[in-house]
Each structure stands twice: as C-alpha cells, then as structure tokens.
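Quick notes on the structure that follows.
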Amino acid sequence: MKVGIYVNGKKIATDIAPDLLLIDFLRNHGCKSVKRGCETGNCGLCTVFLEDKPVLSCAVPAARADRCQVVTLEGLQEEAAEFGAFIADQGAEQCGFCNPGLLMNAIALFRENPDPAEDEIREYLAGNLCRCSGYEGQLRGMRTYLDFKKGGKTGHEVCE
Amino acid sequence: MLTLKDYVRAESLTQAYELNQKKSNRILGGMLWLKMTHLPVQTGIDLSGLRLNTIEETPDEFLIGCMTPLRDLELHQELNRYTQGAVRESLRHIVGVQFRNLATVGGSTFGRFGFSDVLTMLMALDTDVELYSGGILSLAQFAAMAPDRDILIRIRIKKTPRKSVYLSHRNSQTDLPVLTCALSGCGSKFQAVIGARPGRAVRIPDEQRILSEGITSNTADRFAEYVSRQIVTGTNMRASADYRRHLAEVLTRRAVLTMGGERL
C-alpha cells in the first residue's frame, strides 16, 4: 500500500506492507536514533513525535501515520543537543541506548510544562526505562537544564 | 507478533462494521495489546479517520469517542472536575505518557480486560456504551457480555451528581495492577467496583446501606469488610487470591476515608 509520511519535515512517499510498524519504517529511512527495546510498549526507547505527541513507534502501524508529521531525534538536533549536554555532564547517558527515547519524552514534557516539579518529571518519564543509571543522574541533568533555561548556570559550570 | 494482510482506513462506520463481520478481520484500537498477539489478521480496520477521537461535553453527559487516547481523558479538566480527579488517578499509572497517547478508551473498554483500570473507573460512574448494532446499553451490562463483532462507537458518562475515588495497587510502578478499586457515591447510594481480581471488574453496591449512616472510621471498616466478603478473587503470577481479598479490604477502606475527606 502507498503512504506519504512527513519525517522531520520531509515527505517520504513509498509502498509499505500493511503490517509494517512505524519504528521499522523510520529505521529503514535512516532514523537510527529510534531504538528497538522491549517491543511490548513498555520501555520508551522507540519514542517519536506523531503530530507533536510523544508515542511509541513500535506500536503504531506505519499506515496509520499516512499524511502525518513524524519527528525523531534527528529532527530535533539543536534542542536535543542543548539538553543532551546536561545529561552528559551528569554522566547520566551511560550505555546511551535509552537516551534518544528519554530526550524525546523529556522535550515533550518541557514543551507541555516548561517548569515541572520533580514529581511531575518522574511521572511524565515513568514510561522511559533505563537499566544503567538509576535515574538520579538524569534527574540532576534535567534540573540543571531547567535552571539554565531560567537563567542559571550551564551544566559545565555546575560540574566545575 | 501480529500480522496484517491488509489495512483499511474505514470511511464510514457502516463499512467498518461490514468488514468486521468476517472473523479473520479486526478493529485496530491503540494496537498496544493487539500487537502482542500472534493473530494472523486478514484486514486491520482502522477507525482513526472517523473523527471518533474527541471528548464532547453536553449539559447532561460526556461523550467520548472510541478512538480518544487515554491521555486526553487524563488531561480533560471538566471530566476530572466531575470525578474529583479519579479519572486522572485511574490512568496516570498506566505505563507512560507515550503509551497513553496511543491506548484508546474504545480498545480498553471493548476488550473488557480483567486488569483494566479504565473498566474499573468507568463502571463506578453512570456510564453507557454506544454500539453500532447493539445501540446504547449500560457499561455494567456490556462488561458482562461475551465479545462479539459489534463496534463500540462512544462511551457516554452521565453527569449524575456523584463523588468518586480511585485507588490501585501495583507490585512495581507502571506494571499491570494487582487490584483496582473505585468507589462512588450518588446521594445516599454507594458502590465499590473492584477490578484486576484478576477477573473483570465487578460492582459491589452497598446493599446494607452502611455508608448511608455517614462516613466514619467505623463505617469505612464495616463497608471494607463487607466488600472483602463479597468479592471473588483469583490467583495469578502477580498475587494470590487471599492477598487480593486483603487488598480489596484495605483499598476500599482507604477509598471510603478519602471520600470522607481524610488525607491518606
């Protein structure tokens, strides 16, 4: 079947199998930031924005994304690099496999709620699993990033 | 994993219903449960083009389209005001935001899953379901029916003046619940709904009118004990039947006290 999906602003028109999942569509078209984790909809590694909402691409039929806007981490380079530096400064990226999904969902949170409390961060990111960090470094990274956005120090300055 | 030989974005409910009469075809909801099955599906029927993903509010009821994501219910201010935040509480523990942006109220309800937080919460309210062929019937009636080839179009929550509280217990965060408990009171009529027993949610009305005497520590204890005596629980990998019965008593007591204004 034919679909036309807008990936990071660029239309990809192609033939797909009816049961192709969005994660496979995106990876087949070069978006390797979209990671395959649990494939049960529980780990958050495959998070992308579908019409500006964070969703699990392992559970979306690519056919359902026809004529829709999909954004992956590749499409958020500047925003992701700025925020990602704060995560890295806390040594919280560790193996790095969960990071793209975490960055995507954290960015979704910051867009929805620019000044979240710690409980709100924990609740919003409950669907992003990390098996290395224990989440504390990631939370520190987010707090310093949010402080920076409010005019505070950069992650480097905090570490120094 | 699920395989689809064909995919149809339905252009009308009539088309979707006709396609769905073939046993090898399936309506696609949020796809989160369906994708975990090994069903060879001939045609996946997608309702996402039928504008059934909205919550409409009238003076008498909330009309929730079957394709409305759970996250939209969680964030709906009026619905949460009406339920004193119980709807949000029933949804916020379900995996993560990305999951709830996909999971649909129609899929969660039509599946009548035993573990469903959604079914437990909605059964505690004055809720009807609107079916394409079966018309409008109460959710309690619908929940007791065997699955068929009908299509659930909308959930209708009537705005009867009501207090509600929702609580659940999980072994670990974002896991399926071990037990769910929703309490609602309309005037002097109260009922508890217990789900994840692990069977489908069931209603336990306060037939002894214990809570009509007023909400106190004593009536909370008595109603909780009454619920734990009435409830039929089972054992699975998450918990034993005895543990669930104990949880039913604890959660019901907490729910009653919360409804009475106690902060737990």
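The values are calculated or read from the model by the stated rules, or taken from the named source; none is laboratory data. What you see is a predicted model; the values in this text were computed from it and never measured. Backbone-built Cβ (ideal geometry, glycine too); neighbour counts: all protein chains shown.
Inside the range B:7-19, can you point out the residues that are outside any helix (DSSP H, G or I) and surrounded by fewer than 14 Cβ atoms within 10 Å (Cβ to Cβ)?
Listed by number, the residues that qualify are B:Glu11, B:Ser12.
Just checking, does the range B:122-135 include any residue being in contact with a Phe, Trp or Tyr (Cβ under 6 Å, 6 or more places away or on another chain) and either among the polar types (S, T, N, Q) or modelled with pLDDT of 95 or more (or both)?
Yes; the residues of the range B:122-135 include at least one that is in contact with a Phe, Trp or Tyr (Cβ under 6 Å, 6 or more places away or on another chain) and either among the polar types (S, T, N, Q) or modelled with pLDDT of 95 or more (or both).
Name the single residue, out of those in the range B:107-131 being of a type in the set (Ser, Thr, Tyr) and not in a strand (DSSP E or B), that is farthest from the other protein chains (Cβ to nearest Cβ).
B:Thr120
Can you tell me which residue within the range B:150-182, out of those that are hydroxyl-bearing (Ser, Thr, Tyr) and in contact with a strand residue (DSSP E or B) (Cβ under 8 Å, 6 or more places away or on another chain), is farthest from B:Ala124 (Cα to Cα)?
For the range B:150-182, the residue satisfying everything is B:Ser168.
Just name the residue that is nearest to the other protein chains (Cβ to nearest Cβ) out of those in the range A:1-33 that are of a type outside the set (A, V, I, L, M) and touching a helix residue (DSSP H, G or I) at 6+ places or on another chain (Cβ under 7 Å).
If we take residues in the range A:1-33 being of a type outside the set (A, V, I, L, M) and touching a helix residue (DSSP H, G or I) at 6+ places or on another chain (Cβ under 7 Å), then A:Pro18 is nearest to the other protein chains (Cβ to nearest Cβ).
Name the single residue that is farthest from the chain's Cα centre (by Cα) among those in the range B:161-174 being in a loop (DSSP other than H, G, I, E, B) and under 14 Å from B:Gln84 (Cβ atoms).
Restricting to residues being in a loop (DSSP other than H, G, I, E, B) and under 14 Å from B:Gln84 (Cβ atoms), the top hit is B:Pro161.
Can you report the number of residues in the range B:65-106 which are more than 10 Å from chain A (Cβ to nearest Cβ) and either among the small types (Gly, Ala, Ser) or over 16 Å from A:Glu51 (Cα atoms) (or both)?
24
Name the residue that is farthest from B:Val105 (Cα to Cα), counting only residues in the range B:141-155 that are over 13 Å from the mean Cα position of the chain (by Cα) and in contact (Cβ under 8 Å) with a residue 60 or more places away in the chain.
So, considering only residues that are over 13 Å from the mean Cα position of the chain (by Cα) and in contact (Cβ under 8 Å) with a residue 60 or more places away in the chain, the one farthest from B:Val105 (Cα to Cα) is B:Arg149.
How many residues are assigned to a helix (DSSP H, G or I), of a type in the set (Lys, Arg) and over 18 Å from B:Gln208 (Cβ atoms) if we restrict to the range B:218-264?
Of the residues in the range B:218-264, 3 are assigned to a helix (DSSP H, G or I), of a type in the set (Lys, Arg) and over 18 Å from B:Gln208 (Cβ atoms).
Restricting attention to helices (runs of 4 or more DSSP H) lying wholly within the range A:34-148, give those where 1 or more residues are within 14 Å of another protein chain (Cβ to nearest Cβ) and among the basic types (Lys, Arg).
Output list reads A:99-112, A:118-124.
Quick check on B:Ile194: is it among the hydrophobic types (A, V, I, L, M, F, W, C), more than 15 Å from the chain's Cα centre (by Cα) and surrounded by 14 or more Cβ atoms within 10 Å (Cβ to Cβ)?
no
Condition check ((1) over 19 Å from B:Gly187 (Cα atoms); (2) touching a residue at least 24 places away in the same chain (Cβ under 8 Å)) across all residues:
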residue	(1), (2)
B:Arg203	no, yes
B:Glu213	no, no
B:Phe223	no, yes
B:Val227	yes, yes
B:Gly234	yes, yes
B:Asp242	yes, no
B:His246	yes, no
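With respect to A:Ile16, is the statement that it is touching a residue at least 40 places away in the same chain (Cβ under 8 Å), over 29 Å from B:Leu176 (Cβ atoms) and in the same structural domain as A:Leu103 (by TED's automatic domain parsing) true?
no
Check whether at least one residue in the range B:132-145 is closer than 20 Å to B:Arg100 by Cβ and either polar (S, T, N, Q) or part of a strand (DSSP E or B) (or both), and report yes or no.
No, the range B:132-145 has no match at all.
Looking at the range B:121-140, is at least one residue small (Gly, Ala, Ser), closer than 23 Å to B:Arg197 by Cβ and without any contact (Cβ under 8 Å) to a residue 12 or more places away in the chain?
There is at least one residue in the range B:121-140 that is small (Gly, Ala, Ser), closer than 23 Å to B:Arg197 by Cβ and without any contact (Cβ under 8 Å) to a residue 12 or more places away in the chain.
Considering every residue within the range B:42-53, establish whether at least one is more than 25 Å from B:Asp148 (Cβ to Cβ), at the interface with chain A (Cβ under 9 Å from one of its Cβ atoms), surrounded by 14 or more Cβ atoms within 10 Å (Cβ to Cβ) and not small (Gly, Ala, Ser).
no
Within the range A:54-86, work out how many residues are in contact (Cβ under 8 Å) with a residue 60 or more places away in the chain, acidic (Asp, Glu) and farther than 20 Å from A:Cys98 by Cβ.
Looking only at that region, the number is 1.
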